[in-house]
1. Which far-off residues, 5 or more places away or on another chain, put their amide H under 5 Å from the one on ILE252, with H placed in the peptide plane?
2. Non-local amide H neighbours of GLY44 (under 5 Å, H modeled in plane, Pro and chain starts lacking H): which ones?
3. What does the accessible area per residue of the chain come to in Å², with a 1.4 Å probe and no ligands, DNA or RNA counted?
4. So for TYR267, TYR2, what's the accessible-area order with a 1.4 Å probe, most first?
5. Kindly write out, for segment 110-121 in residue order, the coupling ³J(HN,Hα) from the Karplus curve 6.51 cos²θ - 1.76 cosθ + 1.60 (θ = phi - 60°), rounded to whole Hz, with x marking Gly and Pro.
6. Suppose a student asked you for the relative contact order of segment 31-186, using Cα pairs under 8 Å spaced at least 6 residues apart; what percent would you report?
7. With θ taken as phi - 60° and the coefficients 6.51, -1.76 and 1.60, list the Karplus ³J(HN,Hα) couplings across segment 59-68 in order, rounded to whole Hz; mark glycine and proline as x.
8. I'd like the distance between the alpha-carbon centres of segment 44-69 and segment 119-146, rounded to an integer number of Å.
Amino acid sequence: MYESYYGLAEKPFSIQPDPEYLFLSKRHSLAYTMLEYSIQNHAGYTVICGDIGCGKTTLIHHLMNNYKSELTVGLLYNTPQHVEDLMPWIMMSFGLSHEGLSDIAMHQQFQQFLIKTFTSGKKAVLLIDEAQNLTMSALESIRMLSNISVYKHQLLQVILVGQPQLKHMLMQPELEQFNQRVSVEFFLTPLKMSEVKKYIQHRIKVAGKNDELFTEEAYKRIADISKGIPRKINILCDLALVYGFSSEEKKISVDLVNEVIKDKEQYGVFSGKNEKLV
């Protein structure tokens with residue numbers, strides 16, 4: 001809609017995870033280094049936690065893209081709640097058939113798959129997003145998979161990605177055995193206020209424009225209202241560009257940003273519920 005008006009090749013502020021737009025802040029860079037470490041050192045269990053909208057899924061996509069030639073990945077998104085045994089879901093994530101198989105047969109087939117993957121020189125990685133939705137029984141069923149090994153090599157690496165509730169859940173006494181097997185963990189925090197401007201500039205540049213589209217005051221206001229959460233920044237910046245296009249403004253001012261914020265708070269979906277921006 002506003003892309004050509006602002007000289008952009010595409011929308012820079014989509015809320016969909018896109019590794020091409022990944023901005024490596026200090027914390028995001030450290031989180032990615034920890035993920036690389038886990039892959040390269042055959043870490044059995046890796047846990048990445050962070051608040052909603054902080055870029056966890058984008059970071060994982062970036063990792064998978066960079067290591068796709070070395071990995072065979074099973075992805076579980078929107079993990080099913082109240083499921084006690086994840087084995088059928090895990091089989092499906094790796095493209096394996098499980099229909100009509102008993103639990104024993106399913107485990108045997110999955111073990112053979114892991115051995116075949118290992119002998120081919122690849123690493124099998126199970127990546128579970130929104131892992132805070134898992135039950136303790138489901139986590140225990142995942143832990144049992146760590147027993148599948150060849151000599152000293154664990155055949156399956158598991159990366160759990162989730163909101164802060166995941167961290168609290170793993171600290172429960174019932175999951176002590178699971179917790180002890182987590183060798184890499186990291187908590188991803190929002191951007192610092194000083195990083196928000198660089199984040200916005202980065203996304204605009206990736207979308208094809210090098211010139212400034214926001215004033216200094218607008219950057220500061222966006223940083224303040226978003227609290228450094230990338231998803232909130234994206235929503236606010238995208239709407240600001242729509243408003244700017246409608247008003248034929250070539251640069252997004254703080255007044256325009258404030259207009260967006262006011263409309264969201266007064267007339268948005270969450271108006272009247274004490275919700276701010278998103």
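1. The list, which skips near neighbours in sequence, is PHE214, THR215.
2. Amide H neighbours of GLY44, under 5 Å, 5+ apart: SER183.
3. On the way: 14310 Å² over 278 residues.
On a per-residue basis, the chain sits at 51 Å².
4. Numbers: TYR267 165, TYR2 5 Å².
Largest to smallest exposure gives the sequence TYR267, TYR2.
5. 5, 5, 5, 4, 5, 5, 4, 5, 5, 5, 7, x
6. Values: 235 pairs, mean separation 58.9, N = 156.
Once normalised by length, the contact order is 38 percent.
7. Each residue's phi maps through the Karplus curve to give 4, 5, 4, 4, 4, 5, 5, 6, 10, 4 Hz.
8. The distance from the Cα centre of segment 44-69 to that of segment 119-146 comes to 14 Å.
The values are calculated or read from the model by the stated rules, or taken from the named source; none is laboratory data. Fair warning: this is a prediction, and the values are worked out from it, not measured in the lab. Cβ coordinates were reconstructed from backbone atoms using ideal geometry, including for glycine residues, and neighbour counts include every protein chain displayed. Ligands, DNA and RNA are excluded from the accessible area calculation, which covers all protein heavy atoms including side chains. Shrake-Rupley method; radii C 1.70, N 1.55, O 1.52, S 1.80 Å.
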